[in-house]
Amino acid sequence: MGKVLQTYPARIVQRIFFIRMHKVIFDFDLAEMYGVETRVLKQAVRRNIDRFPKDFMFQLTKKEFNEVITNCDNLIQLKYAPALPMVFTEQGVSMLSSVLKSKQAIKVNIAIMRAFVQMRQLLEGNKDIAKKIIELEKKYDGQFKTIFTAIRSLLHEKQRPRERIGFIKDRIN
């Protein structure tokens with residue numbers, strides 16, 4: 001647990017995934033951070049299920065879980081997990097602090113909330129960069145029009161038939 005907080009925020013941010021249009025953290029990652037078994041975390045959530053609406057926490061489908069495992073090399077060891085994982089949004093992680101009432105849970109929640117905030121700030125920064133790139137393309141499109149035209153023509157150029165290379169039996173006398 002201390003290792004997670006010491007390397008905050010990078011280690012926590014690496015555990016945030018984008019699933020069903022939400023930034024989420026897996027139950028097994030949260031359990032590790034909180035210093036409890038995954039089954040204990042799930043048990044606490046199920047006992048307080050009314051605190052976790054679908055926009056706070058949801059269980060992955062088998063298809064979603066397989067897709068995540070396929071795309072994330074670091075999760076391959078979970079391929080044959082006995083149960084499908086739960087994932088928690090930022091609000092769900094916040095709600096976990098009321099279900100897991102240890103001092104460690106409070107510290108972990110604070111670190112996770114800071115990681116979510118940092119991630120949100122990074123995403124906002126990327127929007128600004130994308131906007132500036134679009135503005136630059138508009139501004140300099142006239143100056144680079146001939147280059148863009150040449151590139152486009154190369155992209156759309158039809159391939160010419162190629163001359164055959166190799167041994168042709170009919171040409172031998």
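Tabulated data
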{"quantity": "Residues of the range 41-80 classified as modelled with pLDDT under 90, touching a helix residue (DSSP H, G or I) at 6+ places or on another chain (Cβ under 8 Å) and surrounded by fewer than 14 Cβ atoms within 10 Å (Cβ to Cβ), total", "calculated": "2"}
{"quantity": "Residue in the range 112-128 that is at pLDDT 80 or above, assigned to a helix (DSSP H, G or I) and acidic (Asp, Glu) present", "calculated": "no"}
{"quantity": "Subset tally (residues that are hydrophobic (A, V, I, L, M, F, W, C) and under 26 Å from Ile110 (Cβ atoms)) for the range 73-100", "calculated": "9"}
{"quantity": "The range 56-73 residues that are closer than 17 Å to Leu30 by Cα and in contact (Cβ under 8 Å) with a residue 24 or more places away in the chain, paired with ones that are outside any strand (DSSP E or B) and small (Gly, Ala, Ser) (beta carbon under 7 Å, 6 or more apart)", "calculated": "Phe56/Gly92; Met57/Gly92"}
{"quantity": "Criterion violated by Val4 - all others in (1) farther than 17 Å from Cys72 by Cα; (2) of a type in the set (A, V, I, L, M); (3) at pLDDT 85 or above satisfied", "calculated": "(3)"}
{"quantity": "Considering residues of the range 91-115 that are within 18 Å of Arg46 (Cβ to Cβ) and hydrophobic (A, V, I, L, M, F, W, C) only, the residue surrounded by the fewest Cβ atoms within 10 Å (Cβ to Cβ)", "calculated": "Val99"}
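The values are calculated or read from the model by the stated rules, or taken from the named source; none is laboratory data. The structure presented is a predicted model; accordingly, all values stated were derived computationally and were not measured. Here Cβ is always computed from backbone atoms with ideal geometry, including for glycine, and neighbour counts include all displayed protein chains.
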